[in-house]
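No lab work stands behind these numbers, since they all come straight from the coordinates. Every value quoted in this text rests on a predicted model; they were computed, and no experiment measured them. Note that we place each Cβ from the backbone using ideal geometry, even for glycine, and neighbour counts take in every protein chain shown.
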Amino acid sequence: MKKQMRLDKYLAQMSIGTRSQVKQMVRKGQVCVNGTVVKKPEYKVDPDQDQVVADGVKTQYVHEEYIMLNKPSGVVSATKDPREKTVLDLIDGQKRKDLFPAGRLDKDTEGLLLLTSDGELAHRLLSPKKHVDKTYYARIQGRVTNEDVKVFLKGLDIGDEKPALPAVLQVLIEGEISEILITIQEGRFHQVKRMFKAVDKKVVYLKRISMGSLVLDETLMPGQYRNLTEEEIQRLKEEQNE
Ligand code: URA
């Protein structure tokens with residue numbers, strides 16, 4: 001299928017200017033498509049086929065980026081930070097300037113983080129209305145029991161206005177340090193840590209292993225990343241449309 005997009009959107013995505021700046025440029029006749037001046041910002045271009053020249057400079061379309069990062073502990077989930085190392089600092093050869101982390105993991109949390117330039121997909125993945133499942137592996141100081149499993153399933157008061165939505169807790173190892181898997185549907189601040197705090201236990205290690213259909217590639221060591229496959233991208237997009 002031929003993928004077409006508005007000329008002003010194309011120019012803005014290629015960082016030629018803000019959406020309103022590029023609209024002005026187009027209206028003033030400063031943009032050519034395949035050798036012809038186009039004055040309509042809504043004009044449709046095929047980013048792979050059409051030759052777009054803005055102010056005499058040839059442009060080349062760079063497609064959306066979708067990167068799976070195994071976030072290491074010690075970096076913050078932000079695009080920039082005055083003091084801390086960010087997840088974007090880990091990415092060499094970033095193609096799109098508008099790459100950003102879709103959601104946040106705490107500085108000391110490891111695991112799956114999607115970095116993308118696709119604002120629409122990120123918005124849908126993170127929307128509280130969508131209830132996208134997020135599964136974490138954690139080590140917990142204290143015995144996690146079947147009682148906790150029941151309490152988590154009911155929806156736990158973690159000190160917010162509303163209780164947390166029901167979460168599925170699976171105890172892998174019950175001991176002084178327990179090992180668990182937990183699936184939550186929200187992304188509240190420090191949510192997993194606060195849920196365990198509410199039952200008088202402490203998360204000592206936390207790693208996200210999946211988000212919707214996207215599962216952390218276990219061959220990625222902390223700090224390593226790879227592009228999503230076409231199949232992973234399609235699956236994420238499709239499940240968001242359901
Ligand atoms: N819950 C937390 O407490 N921290 C995270 O980083 C993610 C979920």
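Considering amide H positions built from the backbone, and no H for Pro or chain starts, which residues 5 or more places from Gly142, or on another chain, come under 5 Å of its amide H?
Placed amide hydrogens put Ile177, Ser178 under 5 Å from Gly142.
Of all chymotrypsin sites (Phe, Trp or Tyr not before Pro) in region 156-242, which ones are in loop regions per DSSP and have a Cβ with at most 10 other Cβ atoms within 10 Å?
Phe189
Tell me what the chain gives for mean residue ellipticity at 222 nm when only DSSP H runs of n ≥ 4 count, each as -39,500 (n - 2.57), the sum divided by the residue total, rounded to 500 deg cm²/dmol.
One gets -6000 deg cm²/dmol as the mean residue ellipticity at 222 nm.
How high is the FRET efficiency between Lys39 and Lys3 when r is their beta carbon distance and R₀ equals 30 Å, given to the nearest 0.05?
Plugging the Cβ-Cβ distance into 1/(1 + (r/R0)^6) gives 0.85.
Taking amide H positions as placed 1.01 Å from N in the peptide plane, with prolines and chain starts having none, which residues 5 or more places from Thr86, or on another chain, fall under 5 Å of its amide H?
Val76
Taking 41 Å as R0, compute the FRET efficiency from the Cβ-Cβ separation of Gln24 and Ala78 and round it to 0.05.
With a Förster radius of 41 Å, E is 0.85.
Trypsin sites (Lys or Arg not before Pro), restricted to region 4-33: which are DSSP loop and have at most 12 other Cβ atoms within 10 Å?
Loop-located and lightly packed - Lys28.
Please label the shape of region 5-59 as rounded, prolate or oblate, based on the square roots a ≥ b ≥ c of the eigenvalues of the alpha-carbon gyration tensor (a/c under 1.5 means rounded; beyond that, a/b larger than b/c means prolate, else oblate). Please report the intermediate quantities before stating the final value.
On the way: a/c = 1.32, a/b = 1.15, b/c = 1.15.
Rounded, since a/c falls under 1.5.
Using θ = phi - 60° and the Karplus form 6.51 cos²θ - 1.76 cosθ + 1.60, what ³J(HN,Hα) does each residue of region 107-116 get, whole Hz, x for Gly and Pro?
The phi angles translate into 4, 8, 8, 10, x, 4, 9, 8, 10, 8 Hz.
Which residue, Gly56, Gly187, Gly74, has the most motion in a Gaussian network model of the chain that connects Cα atoms within less than 10 Å?
Its mean-square fluctuation being the largest, the pick is Gly56.
Taking the Cα centre of region 133-211 as origin, sum charge times position over the Cβ atoms of Lys and Arg (+1) and Asp and Glu (-1), and report the length of that vector in debye to the nearest 20.
For region 133-211, the charge dipole is close to 220 debye.
Pull up all non-local amide H partners of Asp118: gap of 5 or more, or a different chain, and H-to-H distance under 5 Å with H placed in the peptide plane.
Counting only residues 5 or more places away or on other chains, the set is Glu65.
Once you have the alpha carbon radius of gyration of the chain, what is it after dividing by 2.2 N^0.38 Å, with N set to its residue count? Don't jump to the answer; show the numbers that get you there.
Details: Rg = 22.0 Å, N = 242, 2.2 N^0.38 = 17.7 Å.
So the Cα radius of gyration is 1.24 times the expected 2.2 N^0.38 Å.
Whole-Hz ³J(HN,Hα) for each residue in region 75-88, computed from phi via Karplus 6.51 cos²θ - 1.76 cosθ + 1.60 with θ = phi - 60°, x for glycine and proline: what do you get?
Going residue by residue, I get 10, 9, 7, 9, 7, 8, 8, x, 10, 9, 6, 10, 4, 6 Hz, with x marking Gly and Pro.
Hey, how many Å between the Cα centroid of region 125-152 and the Cα centroid of region 1-55?
46 Å
Please go through region 1-68 and write out the GluC sites (Glu not before Pro) that DSSP classes as loop and that have at most 16 other C-beta atoms within 10 Å. Each step should come with its number before you reach the end.
Details: sites: Glu42, Glu64, Glu65; in loops: Glu42, Glu64, Glu65.
Qualifying residues, ordered by number: Glu42, Glu64.
Quick one: 3J(HN,Hα) in Hz for region 195-207, Karplus 6.51/-1.76/1.60 with θ = phi - 60°, rounded, Gly and Pro as x.
Going residue by residue, I get 5, 6, 4, 5, 10, 6, 10, 10, 6, 9, 8, 9, 9 Hz, with x marking Gly and Pro.
What dipole magnitude, in Debye to the nearest 20, does region 33-174 give about its Cα centre under +1 on Lys/Arg Cβ and -1 on Asp/Glu Cβ?
Computed charge dipole of region 33-174: roughly 160 debye.
Given springs between every Cα pair under 10 Å in a Gaussian network model of the chain, which of Gly159, Gly93, Gly212 has the largest fluctuation?
Top of the fluctuation ranking is Gly93.
Under 10 Å, Cα contacts only: if you run a Gaussian network model on the chain, which one of Leu214, Leu153, Leu181 comes out with the highest mean-square fluctuation?
Looking only at Leu214, Leu153, Leu181, the largest GNM fluctuation is found for Leu153.
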